[in-house]
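Derivation of every value follows stated rules applied to the coordinates shown; laboratory data play no part. Note that this is a predicted model, so its numbers are computed, not measured. All Cβ positions, even for glycine, are placed from backbone atoms using ideal geometry, and neighbour counts span all protein chains on display.
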Amino acid sequence: MSIWAADKTNDEFWIFYHDLRGLSHQVENVIRNPENYEMADLQQPQKQNAGKYVLQILYPDGADNADPASEQMLGRLSNLSPLMEEIVRGNEGYTLDCCIAMPDGTTIVLDNLSDKKVDEEGNADTYDASVQRITFLLW
């Protein structure tokens with residue numbers, strides 16, 4: 001049983017590694033060739049998106065203090081949302097979200113937990129990926 005469990009765990013980590021390696025290559029391509037990618041309008045988390053897989057932008061200090069360069073690059077990186085969704089859906093039960101973060105902490109995240117990222121008034125929470133680490137839950 002221990003050998004089977006170790007093999008299963010190894011398989012899951014290989015899949016996770018493979019998915020994130022593919023995503024990292026695509027991120028590198030967007031960063032090296034931004035002119036090949038259209039800008040997309042990014043939305044902050046919203047309660048009405050609860051349970052839906054959506055791409056959201058999270059700011060370290062709120063949208064009013066956003067770094068335009070980070071926002072612009074994330075707008076181009078949002079073209080990767082189909083791949084990000086495939087990673088999350090393909091690892092359902094193992095992975096809750098897929099994120100890409102800029103050095104300043106501004107992050108895009110694809111998940112179905114938008115309602116968990118807003119307060120009672122519907123204002124988006126702040127999140128700083130340069131300080132807080134995103135943990136991936138493996139079951």
What net charge is computed for the residues neighbouring Q44, neighbours being all others with C-beta under 10 Å from the C-beta of Q44, Lys and Arg scored +1, Asp and Glu -1? 0
log₁₀ of I(q)/I(0) at q = 0.12, 0.13, 0.17, 0.20 Å⁻¹ - the chain, Debye sum with one point per alpha carbon: -0.50, -0.59, -0.95, -1.25
Can you compute the radius of gyration and Dmax for the stretch 57-123, using only the Cα atoms, both in Å? 12.8, 35
Excluding V118 itself, calculate the net charge of residues whose Cβ lies under 15 Å from the Cβ of V118, where each Lys or Arg counts +1 and each Asp or Glu counts -1. -2
If packing is taken as the average count of other Cβ atoms within 10 Å, what order do 97-104, 79-86 fall into, highest mean first? 97-104, 79-86
Take the chain, mark every one of the trypsin sites (Lys or Arg not before Pro) that falls in a DSSP loop and has at most 13 other Cβ within 10 Å, then report the longest stretch left between them, sites excluded. 53-132
Roughly what angle does helix 68-77 make with the longest principal axis of the chain, taking Cα atoms, 0 to 90 degrees, to the nearest 10? 40
May I ask you to sort S2, S114, S130 by Cβ crowding, counting other Cβ atoms within 10 Å and putting the fewest first? S2, S130, S114
From zero outward in steps of 5 Å, how is the percent of C-alpha pairs of the stretch 28-80 spread across the bins? 4, 19, 26, 20, 18, 9, 3, 0
